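Student: Okay, handing you the structure first.
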Amino acid sequence: MRFVDEFRDAELGRAVAAEILAAVEPGRHYKIMEVCGGHTHSIYKYGVDDLLPSNVELVHGPGCPVCVIPMGRVDDGIAVAHHEGVIFACFGDMIRVPGSAGTLLEAKAEGADVRMVYSPLDALRIARQNPDRQVVFFAIGFETTAPSTALTLKRAKAEGLRNFSCLCNHVTIVPPLRALLESPDLRLDGFIGPGHVCTVVGARPFEFIPADYRKPVVISGFEPLDLLQSVHMIMRQLGLGRSDVEVQYSRVVPYEGNLRALEVMAEVFELRPHFEWRGLGFISQSALRLTAAYADFDAEVRYEVPGVRVADPKACQCGEVLKGVIKPWECKVFGTACTPEHAIGTCMVSPEGACAAYYNYGRFAREREVV
Ligand code: SF4
């Protein structure tokens, strides 16, 4: 298949791996963060890290949209789902994310009308089919999915639908990256930038990383050769003492982003003053809410939501995983009390979560010789 097969060529992969090996300084340990959960998934699915020299370490970032939703927001969703007459629509992985007193799936078992959808337009269709019921869409995701929510809300407004609203949990990727770069916990050499987010926002929002922190960023695609080439581009920058934003995923990412999508987002959303991220705490201006023009479609205006901050379970180390401070298998409950079937934390629920990627591809520990 075009744009797939040629990016999975094993021989080419080994050739790029040899170039990476030639570019590393022996004795130096490199830490590169892959920001996006989709990258984490590809790295372990295809064994990309097995092709890297042992002194090049990939660490996982906060770019899994389900993983970063805090327990309090799940509780808010469950409270709305229990309202009389509400049909609560959400994505399939969100339905299993634990709140403080259970999941949306458990709320469904208790009688709430919770339905799994594949897109916000599915939720809109349910609203059209059920004019006597209120339909609430639980919107999650980074800038990748925010435009589809925005377009759905524009359509609902244009159609004059009065039984559709959105509980908005869309988040933005730059503020948590800045928070990570300010964290004393983590020393990073460079970033594999989030290819999907950048199809919308472009590469320019990441220029602060080389400008303020002198670290290279390479916006990457999701196939094994994309990732290997991105690591090589980072190594090349480091070797030359450069730090720039480069786009490896140029077949999809325009440097300035998708201007039409950004325009629609600006019409429908505005930044929240602050938002809680699971394991990362409150981060200023890191999430979106509906503008006043869309207040009629805002579930937080329409319903009373508890809005309570709930601490993560003691055993849960998702925060450290999301910050790249520990590997999933270093969490005390990984693969024992916490599995995809019985998840304690969000990183085990979402297919983009680092813990789920490690678990599903059998990475229960990692030991490599140092070059
Ligand atoms: S193993 Fe479970 S509790 Fe531990 S970090 Fe991963 S998802 Fe969180």
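Student: Residues being under 19 Å from CYS90 (Cβ atoms) and aliphatic (A, V, I, L, M): count how many of those fall in the stretch 303-315.
Tutor: Residues meeting the conditions: 2.
Student: Same structure, new question: I'd like to check which helices (runs of 4 or more DSSP H) are fully inside the stretch 272-371 and have at least 3 residues that are open to solvent by 30 Å² or more (accessible area, probe 1.4 Å). Steps first, please.
Tutor: Values: elements: 299-302, 318-322, 354-360.
Those helices (runs of 4 or more DSSP H) span 299-302.
Student: Which one is surrounded by the fewest Cβ atoms within 10 Å (Cβ to Cβ) among residues in the stretch 44-73 that are out of contact with any Phe, Trp or Tyr (no Cβ under 9 Å at 6 or more places or on another chain) and β-branched (Val, Ile, Thr)?
Tutor: Residue satisfying both the conditions and the ranking: VAL59.
Student: Collect the residues in the stretch 330-342 that are of a type outside the set (S, T, N, Q) and either within 6 Å of the ligand (Cβ to nearest atom) or over 13 Å from GLY353 (Cα atoms) (or both), keeping them in residue-number order. First the steps, then the outcome.
Tutor: Quick first cut of the stretch 330-342, residues of a type outside the set (S, T, N, Q) only: 330-335, 337-338, 340-342.
GLU330, CYS331, LYS332, VAL333, PHE334, GLY335, ALA337, CYS338, GLU341, HIS342, listed by residue number.
Student: Related question: Looking at GLU263, is it part of a strand (DSSP E or B), more than 24 Å from GLU106 (Cα to Cα), away from the ligand (no atom under 16 Å from the Cβ) and open to solvent by 30 Å² or more (accessible area, probe 1.4 Å)?
Tutor: On the way: part of a strand (DSSP E or B): no; more than 24 Å from GLU106 (Cα to Cα): yes; away from the ligand (no atom under 16 Å from the Cβ): yes; open to solvent by 30 Å² or more (accessible area, probe 1.4 Å): yes.
No, not satisfied.
Student: Continuing with the same structure: When both residues are 6+ apart or on different chains and their Cβ atoms are under 9 Å apart, which pairs have a first residue that lies in the stretch 303-327 and is within 16 Å of the ligand (Cβ to nearest atom), and a second that is acidic (Asp, Glu) and at pLDDT below 90?
Tutor: Listed pairs, sorted by first residue: CYS318/ASP312; GLY319/ASP312; GLU320/ASP185; LYS323/ASP185; GLY324/ASP185; VAL325/ASP185.
Student: Looking at the stretch 284-302, I want the residues that are under 19 Å from PHE88 (Cβ atoms) and have a partner that is modelled with pLDDT of 95 or more and open to solvent by 20 Å² or more (accessible area, probe 1.4 Å) with Cβ atoms under 6 Å, at least 6 apart or on another chain. Which pairs are those?
Tutor: Partner pairs satisfying both residue conditions: ARG289/ARG272; VAL301/ALA295.
The values are calculated or read from the model by the stated rules, or taken from the named source; none is laboratory data. Bear in mind the structure is a predicted one, so any value in this text is a computation, not a measurement. No Cβ is skipped: glycine too gets one built from the backbone with ideal geometry, and neighbour counts run over all protein chains shown. Note: areas computed on protein heavy atoms with side chains; ligands, DNA, RNA excluded. Shrake-Rupley method; radii C 1.70, N 1.55, O 1.52, S 1.80 Å.
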